[in-house]
Every structure is written in structure tokens, then in C-alpha cells.
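As C-alpha cells, the structure follows; a few thoughts come after it.
The values are calculated or read from the model by the stated rules, or taken from the named source; none is laboratory data. Quick caveat, the model's predicted, so the values are computed rather than measured. Cβ atoms come from the backbone with ideal geometry, glycine included; neighbour counts cover every protein chain shown. Remember, those area values only see protein heavy atoms, side chains included, never the ligands or the DNA or RNA. Shrake-Rupley method; radii C 1.70, N 1.55, O 1.52, S 1.80 Å.
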Amino acid sequence: MKISTKTMVTISLFTAVTCVLSILNIPTPSGVPITLQTFAIALSGYALGWKKGTVSTIIYILLGTIGVPVFAGMTGGPSWLVGFSGGFIWGFIFLTLLCGIGINQKPIWLRFAFGIIGLAICHLLGVIQFAIVSSNPIPAAFLAVSVPFIAKDIISVIGAYLIADRIRKILSVDNI
């Protein structure tokens, strides 16, 4: 398979955007910070499609796993994948994938629906892992690490779609 320079640069650019938007964070008592990761991840899926967007997200996760400080608050390392917020990190793959699949759907409501389903999977994985790591029951974990973020994350997915629509048009221009 031959990968064009444009494809490599585009995937790298979206990986970099995710890294930058992940660094900015607001700590919370639960240990799962408020970031713009959800926005960046959804943007990658909606703008690049499911294949390229998912590759961008996996590269982001790999960078953080090997210790590059790209996770929330300029942190990194494999411990993040098994820590309080690790389930959300794993869930980013599904969020990107489903946003990328959604962008190709004809009815606009279905494009949003795929993104919201991806977000629900991301939150589900985040809640389950948080519950296991913190020894909390699922309902308590849901209240601690999902409920406070739901509105922000839904707005992030919708905003990512709206911005990605313009980015897709720019990226489709042949002279770029």
C-alpha cells in the first residue's frame, strides 16, 4: 500500500492537534481531568474519516504510552492506560472510528448519532475502568467521571462535526 505525503502530513497534523488540546486541562477530584481531548478526537474522525482518523488517534495513544508527555497535563507513560482515565483513552479509538463512519452517512442526524454512540462507548469504557481501578461501584463511577463531562462532550462532538465539514472541503482541494 502506498501512502501519500499529503496523507502522512494530514494524519500527523491531527495527531499534533490532539496532543496540544490534551495538554490543556482542569484537574478534578476524581482524577479524570477536563480536557479538549474529546473535541480533538471527534474532529480527527469527522475530518479524516474512519481509517485516517483512527490511525491518528492510535499514534496519539502510542506516543503517550511510550512516555511522550501528550496526555492530560503534559503526562505520558503506560501507567495512564491502566489508571483512572485509561478507559477513556481506549475509548478514543471507538469515538474516532464511529465519527469517521458517521461522516459518510447521508442523513445529517445519523452523522451526529454515530458520534454520540462513539462518545457513549468512550464513556462506558472510562466508567468501567475507573470503577475497577478505584474500587467503586459502577453507579458511583458513572456519577464521578461521566455525568460531569456529558454535556461538554456532546457539545465537543457537535462542534467537531461543524468544524470538520469545512476542513474536509479544504483538504479535498487538489492543490493542497
Between the stretch 101-128 and the stretch 136-166, the alpha-carbon center distance in angstrom:
11
On the protein heavy atoms, probe 1.4 angstrom, tell me the percent of accessible surface of the chain carried by carbon and sulfur.
76
A student asked for the Cα radius of gyration and Dmax of the stretch 59-114 in angstrom ought to give 14.3, 41
Dipole magnitude (debye, nearest 20) for the chain, charges at Cβ of Lys, Arg, Asp, Glu
500
Can you find, among Pro69, Ala40, Phe84, the residue sitting farthest towards the positive end of the charge dipole of the chain, where Lys and Arg contribute +1 and Asp and Glu -1 at Cβ?
Ala40
Once the piece of chain linking Ile167 and Ala151 is laid out straight, how much longer is it, given 0.36 nm per residue of separation minus the C-alpha distance between them?
3.3 nm
Over the stretch 53-161, with neighbouring protein chains present, the accessible area per residue in Å² at probe 1.4 Å is 45
For Asn25, list long-range residues whose amide hydrogen, built 1.01 Å from N in the peptide plane, is under 5 Å from its own amide hydrogen.
Gly73
Pick out the long, greasy-scoring helices in the chain: whole DSSP H runs spanning 30 Å or more along their own axis by Cα, mean Kyte-Doolittle at least -0.5.
108-134, 147-171
